[in-house]
Amino acid sequence: MNAPLNPVAEHLAGYNFAYLDEATKRMIRRALLKAVAIPGHQVPFGAREMPLPYGWGTGGIQVTAAVLGPRDVLKVIDQGADDTTNAVSIRRFFGRVAGVRTTDRTREATIIQTRHRIPETALREGQVLVYQVPMPEPLFKLEPRVSETTRLHALGDYGLMQVKLYEDIVQHGEVATAYNHPVMVNGRYLMSPSPIPSFDNPKMHMNPALQLFGAGREKRIYAVPPYTEVRSLDFEDHPFRPIRAPHACELCGSTESYLDEVITDDQGGRIFVCSDTDYCAERRGE
Amino acid sequence: MNPLLEARGLNLRFGAVHALEDVSLDLYPGEVVGIVGESGSGKSSLLKVLAGMQPADAGSVAYTDAQGTAHDVLRISDAARRRLMRSEWGFVHQNARDALRMNVSAGGNVGERLMAAGSRHFGKIREEAAHWLTRVEIDTARMDDLPRTFSGGMQQRLQIARTLVTRPRLVFMDEPTGGLDVSVQAKLLDLIRSLVADLGLAVLLVTHDIAAARLLSHRIVVMRHGRIVEEGLTDRVLDDPQHPYTQLLVSSVLAA
């Protein structure tokens with residue numbers, strides 16, 4: 001952070017450091033400061049056109065660009081993996097336009113941009129986790145009017161969300177949101193955790209790292225500052241329960257990590273492996 | 001005894017039309033007041049103003065809550081009005097579909113107000129919802145069905161259960177029996193009457209159905225062109241109408 005105008009590292013000529021111009025980055029930083037000051041509150045910002053389509057992480061990229069400095073080390077994950085198209089493209093993008101060092105290692109990174117996961121390795125103070133958010137409004141499926149959801153947030157009127165959980169239990173016998181399970185931040189704002197698995201929800205609570213959320217298409221930014229209370233919505237007699245496949249990772253044998261189911265052949269063969277590739281590799285001693 | 005709701009000098013204009021002209025009204029705890037009049041007489045506007053859903057051009061509405069605190073309904077903050085709406089008041093719409101969530105089960109519809117009021121125990125919410133469904137004579141086996149599979153009369157009863165579940169002190173009813181067939185109307189009126197008596201509710205009932213007003217209300221207010229032309233005890237107003245308009249209204253009721 002605190003990017004000097006002439007960065008120390010080499011980056012692609014003809015582009016400003018980290019692609020966005022300084023005025024835009026300042027605008028985004030202002031929105032970020034406000035978001036950090038009001039945990040869980042959605043702050044509008046002037047999202048720019050980015051050189052990738054909406055839905056691929058334009059919000060996350062803009063937030064990363066705004067907080068990135070030449071001495072930062074960037075890690076990008078997509079569903080926990082460092083080696084998928086999306087993650088590779090975004091990492092290479094910042095490698096080019098900012099000349100920053102990139103890594104696969106959660107421990108080495110100062111900024112981690114993520115799509116739909118929180119790394120298994122515990123984050124520490126000073127790290128920044130940037131989420132790509134497709135839909136920042138947790139109430140959008142229940143209340144289509146933005147003016148009304150804004151009012152509901154202002155009044156802290158979240159009975160509607162509870163009704164949705166009630167309906168889940170009635171229909172499925174349990175709360176059926178395996179991902180994007182809504183959370184209350186700092187006891188005040190209802191927040192969408194972006195589509196992370198509910199398995200990851202508890203990691204947001206009292207996390208030492210700064211968590212920033214960027215929604216490019218919806219033009220919203222929100223944040224969870226370090227050491228902030230994040231509680232998943234539930235009922236007293238149906239407590240929130242993170243869901244994990246009841247298997248051990250086929251590669252590293254972990255019984256703690258979040259697993260992906262991978263189809264291996266046409267005969268119905270399947271294995272369960274860690275979704276966090278860095279965590280899995282580290283356990284295997286690579 | 002102090003009035004629960006006290007309206008003074010209400011005025012409301014829509015362009016050249018006087019929807020309300022110098023309307024004053026008191027409602028006491030446990031009292032059912034019927035507001036009758038023809039279409040366009042201002043009775044629904046009055047109900048909306050009294051419930052704080054529509055600002056008035058002039059006048060005041062004071063509501064005294066269970067703790068004895070007075071609220072200036074027309075100048076109250078949005079948050080405070082919602083709190084009243086959630087805990088102290090209920091609103092029964094003419095069309096149940098305006099009030100119900102059609103894609104949420106009957107139990108969820110009844111439970112919504114409980115959850116909005118802070119209830120977070122699934123079992124207790126269900127128990128309470130089942131209790132209220134029984135009270136409005138809906139089979140608890142239908143609890144997890146969507147309201148769109150209900151008949152019109154059932155939907156209206158569901159709306160009443162949903163409104164009463166938080167035990168409000170004051171209920172606004174806008175033509176609760178409108179759009180239902182006559183036998184269903186009769187049953188619903190019967191139900192409302194027994195619930196109101198059991199719970200000691202104060203009710204402001206807007207209707208153009210004189211028979212419904214006679215059955216339910218203790219007092220009747222007759223409106224015409226935005227003014228109250230006559231008010232008094234139900235039997236007195238309907239059996240011995242003084243104002244020519246009231247006489248016309250009463251004489252126009254078809255005797256079965």
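Quick one: in segment A:142-174, which of the residues that are within 10 Å of another protein chain (Cβ to nearest Cβ) and part of a loop (DSSP other than H, G, I, E, B) is modelled with the lowest pLDDT? Ranking the qualifying residues of segment A:142-174, first place goes to A:142. For residue B:169, work out the one condition from (1) in contact (Cβ under 8 Å) with a residue 24 or more places away in the chain; (2) more than 16 Å from the chain's Cα centre (by Cα) it doesn't fulfil. Just one mismatch for residue B:169, condition (2).
If you filter segment B:116-165 down to residues that are among the hydroxyl-bearing types (Ser, Thr, Tyr) and in contact with a Gly (Cβ under 9 Å, 6 or more places away or on another chain), you find that the one that is farthest from residue B:103 (Cα to Cα) is B:119. Starting from segment A:267-284, keep only residues that are within 16 Å of residue A:76 (Cβ to Cβ), then list their pairs with residues that are among the β-branched types (Val, Ile, Thr) and crowded, with 17+ Cβ neighbours inside 10 Å whose Cβ atoms are within a distance under 6 Å, requiring at least 6 positions of separation or different chains. Between residues of segment A:267-284 that are within 16 Å of residue A:76 (Cβ to Cβ) and residues that are among the β-branched types (Val, Ile, Thr) and crowded, with 17+ Cβ neighbours inside 10 Å, the close pairs are A:278/A:106.
Residue B:30 meets the conditions (1) at pLDDT 95 or above; (2) under 21 Å from residue B:167 (Cβ atoms); (3) surrounded by fewer than 18 Cβ atoms within 10 Å (Cβ to Cβ) in every case but one. The failed one is (1). Cβ separations smaller than 7 Å between residues 6+ apart or across chains give no pair from segment A:93-104 residues that are outside the structural domain of residue A:70 (by TED's automatic domain parsing) to residues that are assigned to a helix (DSSP H, G or I). In a residue-by-residue description of segment A:112-135, the property of being closer than 25 Å to residue A:281 by Cβ, crowded, with 22+ Cβ neighbours inside 10 Å and over 14 Å from the mean Cα position of the chain (by Cα) applies to no position. Residue count for segment A:181-235 under the criterion of being on the phi > 0 side of the Ramachandran plot and in contact with a strand residue (DSSP E or B) (Cβ under 9 Å, 6 or more places away or on another chain): the result is 5. The one condition from (1) surrounded by fewer than 22 Cβ atoms within 10 Å (Cβ to Cβ); (2) under 20 Å from residue B:205 (Cα atoms) that residue B:23 does not meet is (1). In segment A:75-94, the qualifying residues are those that are within 18 Å of residue A:12 (Cβ to Cβ) and touching a strand residue (DSSP E or B) at 6+ places or on another chain (Cβ under 7 Å), and the one that is surrounded by the most Cβ atoms within 10 Å (Cβ to Cβ) is A:76. Residues that are touching a Leu at 6+ places or on another chain (Cβ under 8 Å) number at least 3 in the following strands (runs of 3 or more DSSP E) confined to segment A:67-132: A:111-115, A:128-132. If you go through segment B:108-125 and keep only what is touching a Lys or Arg at 6+ places or on another chain (Cβ under 6 Å) and at the interface with chain A (Cβ under 7 Å from one of its Cβ atoms), you end up with just B:116. Residues of segment B:67-107 that are within 20 Å of the chain's Cα centre (by Cα), more than 14 Å from chain A (Cβ to nearest Cβ) and among the basic types (Lys, Arg): B:97 alone.
The values are calculated or read from the model by the stated rules, or taken from the named source; none is laboratory data. Every value quoted in this text rests on a predicted model; they were computed, and no experiment measured them. Here Cβ is always computed from backbone atoms with ideal geometry, including for glycine, and neighbour counts include all displayed protein chains.
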